[in-house]
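See structure below.
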Amino acid sequence: VPVIHSAAFHDYQQLLQFSAAKHPVLVIGKRVTAGQLIVELYQRQLRCLLSVKAPVEYRRHGTIAGMREQVYFFWEELQLWLHPGLKRNSYPVMDGGLTQQLIESGEVEVMLPVLSVTAGEVLFTNQQRRHCAAIICATGYNPSLGLLQPLLNLAPSEVPAVFQYEVEGLPNLF
């Protein structure tokens, strides 16, 4: 079973490589990218499963949810202003809408974490087994902090307030 990280896809049309498969594609993850993959697979009539370690949470929609997001973004900026250099994950949740419908309707079956992959078969922690066409890991990304190298040799007073640059020719950056 091919195991592919979601970062390897620079165009969702690449998902069509699984269209001839008789087995579903397994997506591992429970945040934004996993949800987007579910929708993109569905829109291409490709069956998929979702493997998660914890219950899936969805983004809320509507006026109150929109106001909460704006307050959160203000709070996040305030935290960074009060604590320069603060680093922490924002844990973005899956979009609601079609993603939520596909999961809650059972169109996309939610599985427990993967225990092993052997001979084209995926074994989950509850001992269920499924044949899968591929496994796509939507499990986070690795930062390319080397892009910030020009800033490392500057004194704090020399760092521009807005550092703008364009990156070309970097592998896996689209």
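The values are calculated or read from the model by the stated rules, or taken from the named source; none is laboratory data. Owing to the predicted nature of the structure, the values given are computational and were not obtained by experimental measurement. In this analysis, Cβ positions are derived from the backbone assuming ideal geometry, glycine residues included, and neighbour counts consider all displayed protein chains. These area figures cover heavy atoms from the full protein model, side chains too; ligands, DNA and RNA do not enter into them. Shrake-Rupley method; radii C 1.70, N 1.55, O 1.52, S 1.80 Å.
Of note:
- With 0.36 nm allotted per residue and the present C-alpha distance subtracted, the Tyr72-Gln43 stretch has 7.3 nm of extension available.
- Additional length obtainable on full extension of the chain from Ile4 to Glu109, 0.36 nm per residue less Cα span: 35.8 nm
- Ser51, Ser19, Ser116, reordered so the largest accessible area comes first (probe 1.4 Å): Ser19, Ser116, Ser51
- Tyr72 sits with roughly 80 Å² accessible to a 1.4 Å probe, with DNA, RNA and ligands left out of the calculation.
- Loop GluC sites (Glu not before Pro), region 12-107 (other Cβ atoms within 10 Å of the site Cβ: 16 or fewer; DSSP): Glu57, Glu107
- Taking all pairs of distinct alpha-carbon atoms in region 1-45, Kirkwood radius in angstrom: 11.1
- Annotation: amide H-H contacts under 5 Å for Glu57 (H modelled 1.01 Å from N, sequence separation of 5 or more, or interchain): Met94.
- Cα-based Rg and Dmax for region 1-152, where Dmax is the largest Cα-Cα distance (Å): 18.0, 54
- Carbon + sulfur, % of accessible area of region 1-138 - ligands and nucleic acids excluded, 1.4 Å: 55
- Excluding same-chain neighbours fewer than eight residues apart, the lysines reachable from Lys87 by a Cα-Cα span under 30 Å are Lys30, Lys53.
- Protein-only accessible surface order, largest first, of Arg44, Arg59 at 1.4 Å: Arg59, Arg44
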